[in-house]
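Working notes for the structure below.
Please treat every number below as a calculation from the coordinates, not as lab data. All values derive from a computational prediction rather than experimental measurement. FYI the Cβ positions are ideal-geometry reconstructions off the backbone, even for glycines, and counts take in every protein chain you see.
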Amino acid sequence: MCGRYTQLMSWRELVELYRITNQDFRPNLAQRYNVAPSQDVPIVKAGRKLAVVRWGLIPFWAKDEKISYRTINARAETVAEKPAFRAAFKARRCLVPASGFYEWQKQEKGQKQPWYITGKEGQPLTFAGLWERWNGPEGEIESCTIIVSEGNAFMAKLHHRMPVILDPADFDRWLVPEEYDSRELLKPCLDEVLEAWPVSTHVNKPANDDLTCIQPVNA
């Protein structure tokens with residue numbers, strides 16, 4: 001699962017990292033310490049175009065928006081076949097910029113300790129994602145999902161699943177499926193890419209979106 005993450009990069013940093021082509025599009029990208037489902041997030045589409053969409057994919061055939069609460073993540077093992085994702089998997093890939101993500105480690109007596117997982121030495125992360133366009137009663141909505149795989153050895157102590165994290169060298173392989181065989185990219189990243197530390201339960205509430213969310217505590 002990936003149910004919360006951070007996005008601390010500025011517009012300029014996104015432009016440089018992803019070689020954004022539509023630089024006339026300059027959304028207000030405030031630092032986000034606690035991105036939650038149903039909120040608007042930046043993504044990078046094919047052609048290296050920056051867009052802002054809703055997190056929680058709404059398939060083009062959906063009757064209403066409620067399905068988006070069940071589609072914030074797509075499993076790497078079944079994403080190509082699942083009705084909610086297969087059309088987007090074939091034609092609407094995206095990169096989801098992130099600075100880190102959260103996971104909740106099970107403790108004794110049913111308690112859960114939140115952890116913040118980020119790139120070593122502050123390196124940004126890029127999740128493999130899909131996007132979709134849905135025409136609803138109030139107009140068009142663009143939305144996205146984050147693909148998750150089995151966790152690597154580093155994540156094993158925290159959770160058995162994790163977002164698919166792409167290397168910059170593989171961005172085009174993911175974004176242009178008609179030119180590249182990209183299924184092999186849907187796997188856990190190397191352990192040495194990540195570092196993690198426990199954080200406070202402050203992050204549990206989506207309304208809390210500040211630096212406290214990522215500050216380390218004693219677990």
Is it possible to state the helix-based mean residue ellipticity at 222 nm for the chain, with each DSSP H run of 4+ residues giving -39500 (n - 2.57), the sum divided by total residues, to the nearest 500 deg cm²/dmol? What is it?
-2000 deg cm²/dmol
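Could you line up MET1, MET162 from fewest to most neighbouring Cβ atoms inside 10 Å?
Arranged by neighbour count, lowest to highest, MET1, MET162 become MET1, MET162.
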q = 0.12, 0.16 Å⁻¹, the chain: log10 I(q)/I(0) [Debye, one scatterer per Cα]:
-0.61, -1.11
Where both partners of a DSSP beta bridge lie in the chain, what percent of those bridges are antiparallel, to the nearest 5?
90 percent
Residues other than GLU150 with Cβ under 9 Å of its Cβ, Lys/Arg counted +1 and Asp/Glu -1, net out at +1
The pairs in LYS66/LYS205; LYS49/LYS157; LYS82/LYS109; LYS90/LYS112 lying past 31 Å Cα-Cα in this model are LYS49/LYS157; LYS82/LYS109; LYS90/LYS112
